Amino acid sequence: MGQAVRIPEPVRAVLARLEEAGYEAWCVGGAARDALLGREASDWDVATGARPEAVMELFGPDALPTGLQHGTVTVRTAGTGVEVTTFRRDGDYLDNRHPDHVEFTGSLREDLSRRDFTVNAIAMNLRGELADPFGGRADLAAGILRAVGRPEDRFREDGLRIMRGLRFASRLGFAIEPETDGALRRCAPLLERIAPERLREETTGLLCGRYAERILLEYPEVLGVFLPEILPCVGFQQRNKHHCFDVWAHTARSVGEVKPLPVLRWTMLLHDLGKPDCFTLGDNGQGHFYGHWRVSVEKGAAILDRLRFDNRSKKTILTLVDRHDTELPLEEKTVRRRLRQLGEETLRLLLEVKRADNLAQAPAYRDRQRIISQWEDLLNLVLAEESCFSLRQLAVKGGDLTALGISGPRVGEALEALLDQVVDGDLPNDRGMLLEYAREVLL
Ligand code: ATP
Ligand code: MG
């Protein structure tokens, strides 16, 4: 921090234009925060004293009224859009989520005071001057996430701030200031009233943060308000030599170990939810969880449905949860079978899941990492060989079988049967030999 912060040229142009017209204009929110941290900001928001009508008029055809009722105008410049929002003061929050109305104000300070955390309530102008009435910069420097104003009031106004807080802590690695932390925990039941789509987005952001493991370990009761399935995992001892953590600690660690793709992070969160229900103790005193992935799939499906996941993500995540514990024998036949069942993309994701799962187990069993890498090498080899593992690649097509006199649904079945032979290595992917087999065996 301290060095000059670079504001992108299109944003500078918008700020300059507003100032020239006699209005205050500031960069606010995540952009100011991330810029001061030396991070790439995702989107630049501008706050101004100008009323929305004035902004519309000033920018003419480049101004789009994208959220006039909240005072937001999107200004198109140099190929991007900059959101320009009039300084606001929020009305009362009657539903623990939205102000019943917003009022425009000429006061930057008032606009900053409605923002959630001090590090999000810093404004920066064209000349790099800061307006920081709540000590956001000191908190940025110290790595502290602190609510603006009285924490409990702020979370009661808008329960989503609870999850925003955990997301920022997970992404930035900040400590949540004790009073903010206490209020966040006390107000957690309010999350029951937040729209599932918003919970999904904030949880995904949390899971993909660099410090997700820490947040999962520290706040299971908060997340448990809308993900009650995780609660039985907390402190559940596995009593198995492969595991040195309880189910929740293992889960949290595995989330932190996997690449920060939403699908992979959600898979790790869900992969062992079935364990508490499936626990048995063997004669040798070792704990087992036979078939736990099936229960994890059930519970995971319920969660993904509740949070309105799209079908594609849901399918991938549940496939990965279902398969996370399957063996990977080091043979080409198995590679082709897995390719056939899952496709390359999902199969590669599965290898990442297995890596992360293993990294979150007892250190004595890390040799699995090598086995997974060998399996990956074999996968690359099979793909480079252009082996056949799908109907698209099969040397025989439906028309060939119809010509032999096979018809109706029998065609599809016969093609699958031929593919079985090829994938298992019992027949080469050779048109002549496949047709001969079809004539002799399938007809
Ligand atoms: P990101 O980098 O994820 O976009 P952000 O801080 O920019 O983080 P946004 O959702 O883009 O988050 O919101 C922009 C700014 O608006 C925030 O920095 C904060 O000042 C304010 N803000 C957004 N949502 C809320 C909220 N629910 N309560 C209070 N202030 C909010
Ligand atoms: Mg933002």
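All of the numbers you see were taken from the coordinates with simple rules; none came from a lab. Because the structure is a prediction, the values reported are computed rather than measured. No Cβ is skipped: glycine too gets one built from the backbone with ideal geometry, and neighbour counts run over all protein chains shown.
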Discussion item. Criterion first (over 29 Å from residue 143 (Cβ atoms), of a type outside the set (Val, Ile, Thr) and either free of Cβ contacts under 8 Å to residues at least 24 places away in the same chain or within 14 Å of ligand 2 (Cβ to nearest atom) (or both)) does residue 9 satisfy it?
Written reply: no
Worksheet, complete the sentence: Cβ pairs under 7 Å, 6+ apart or interchain, first in the stretch 20-41 and over 18 Å from residue 164 (Cα atoms), second near ligand 2 (Cβ under 10 Å from one of its atoms) and of a type in the set (A, V, I, L, M, F, W, C), ordered by first then second residue, are 27/44; 35/41
Discussion item. With the structure loaded, tell me whether residue 68 is touching a helix residue (DSSP H, G or I) at 6+ places or on another chain (Cβ under 7 Å), more than 16 Å from ligand 2 (Cβ to nearest atom) and more than 16 Å from residue 16 (Cα to Cα) or whether it fails that test.
Written reply: yes
Fill in: Top-ranked residue of the stretch 36-62 - restricted to ones that are within 16 Å of ligand 1 (Cβ to nearest atom) and acidic (Asp, Glu), ranked as surrounded by the fewest Cβ atoms within 10 Å (Cβ to Cβ)
40
Discussion item. Please determine whether any residue of the stretch 15-35 is closer than 30 Å to residue 159 by Cα, exposed (fewer than 14 other Cβ atoms within 10 Å of the Cβ) and away from ligand 1 (no atom under 16 Å from the Cβ).
Written reply: no
Practice prompt. Give the residues of the stretch 300-329 that are touching a residue at least 40 places away in the same chain (Cβ under 8 Å), farther than 28 Å from residue 369 by Cβ and crowded, with 16+ Cβ neighbours inside 10 Å, sorted by residue number.
Written response: 303, 307, 309
Worksheet item: Does the stretch 299-336 hold any residues that are out of contact with any helix residue (DSSP H, G or I) (no Cβ under 7 Å at 6 or more places or on another chain) and of a type in the set (Gly, Ala, Ser), and which are they?
Response: 302
Worksheet item: Inside the stretch 84-139, can you point out the residues that are free of Cβ contacts under 8 Å to residues at least 24 places away in the same chain and of a type in the set (Val, Ile, Thr)?
Response: 105
Worksheet entry | Residue check for residue 103: away from ligand 1 (no atom under 14 Å from the Cβ) and within 30 Å of residue 194 (Cα to Cα) | yes
